[in-house]
Amino acid sequence: MNPIRVALGLSMDASIISALAALIGAAIGGLTSVLASWLTQKTQTRAQWLTHETIRRQELYKEFIEEAANCYADALQHEKPEIPAWIELYAKIGRMRVVSSPRVVVSAEQVGQKIIDTYMEPNKTFLEVRELIHTKAIDILSDFGRACREEFDALRTRRF
């Protein structure tokens with residue numbers, strides 16, 4: 001025996017050292033396994049949340065585009081707005097304020113403003129609508145679409 005260990009009262013035999021090393025190794029292995037499982041679960045939960053969030057926004061934007069197109073078509077043909085449809089359109093913009101990027105919200109508000117402005121103009125004839133199509137002035141949703149695409153690209157990069 002080592003005289004220093006005996007003097008300090010630290011006499012350990014090899015079986016205790018082996019058992020202690022095995023115990024520490026098992027604890028480290030178990031802790032590593034728990035940590036790896038926790039990180040995997042956290043990553044999977046985040047990916048699922050981002051997927052759900054993307055689907056939710058896609059549905060909201062689809063509904064907004066359909067509602068805005070209907071309101072715009074009505075505005076081209078009438079001077080008096082359909083108030084319930086108009087309120088529904090602004091309800092969707094309100095939902096966007098909660099979940100969307102500021103650029104998407106601003107673009108949606110610009111679409112709403114363009115529709116209001118169109119109601120204030122005289123009704124369009126078929127030839128005037130044809131000219132709007134030819135000059136691409138009828139596409140009031142292009143900026144909104146670009147803003148949505150940028151937002152989805154940003155969400156996609158956060159996922160990976």
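The values are calculated or read from the model by the stated rules, or taken from the named source; none is laboratory data. Bear in mind the structure is a predicted one, so any value in this text is a computation, not a measurement. Positions of Cβ are generated from backbone atoms using ideal geometry, with glycine treated the same way; all protein chains shown enter the neighbour counts.
Of the residues PHE64, PHE144, PHE152, the single one that is among the aromatic types (Phe, Trp, Tyr), assigned to a helix (DSSP H, G or I) and within 30 Å of THR43 (Cα to Cα) is PHE152. Does at least one position in the stretch 67-89 carry a residue that is touching a Cys at 6+ places or on another chain (Cβ under 9 Å) and within 22 Å of ARG158 (Cα to Cα)? Within the stretch 67-89, none of the residues are touching a Cys at 6+ places or on another chain (Cβ under 9 Å) and within 22 Å of ARG158 (Cα to Cα).
I want to confirm something. Restricting to the stretch 22-55 and keeping residues that are among the β-branched types (Val, Ile, Thr) and within 30 Å of LEU155 (Cα to Cα), which single residue is modelled with the highest pLDDT? Across the stretch 22-55, the extreme among qualifying residues is ILE55. Tell me, which residue of the stretch 75-110 that is part of a helix (DSSP H, G or I) and free of Cβ contacts under 8 Å to residues at least 12 places away in the same chain is nearest to GLY145 (Cα to Cα)? Ranking the candidates gives PRO102 first. Being among the aliphatic types (A, V, I, L, M), free of Cβ contacts under 8 Å to residues at least 24 places away in the same chain and surrounded by 12 or more Cβ atoms within 10 Å (Cβ to Cβ) is the filter here, so list the residues in the stretch 33-74 that pass it. Within the stretch 33-74, just ALA73 meets the criteria. Does the stretch 125-147 contain at least one residue that is modelled with pLDDT of 90 or more, of a type outside the set (Ser, Thr, Tyr), surrounded by 18 or more Cβ atoms within 10 Å (Cβ to Cβ) and farther than 27 Å from THR51 by Cβ? Scanning the stretch 125-147, I find at least one residue that is modelled with pLDDT of 90 or more, of a type outside the set (Ser, Thr, Tyr), surrounded by 18 or more Cβ atoms within 10 Å (Cβ to Cβ) and farther than 27 Å from THR51 by Cβ, so the answer is yes.
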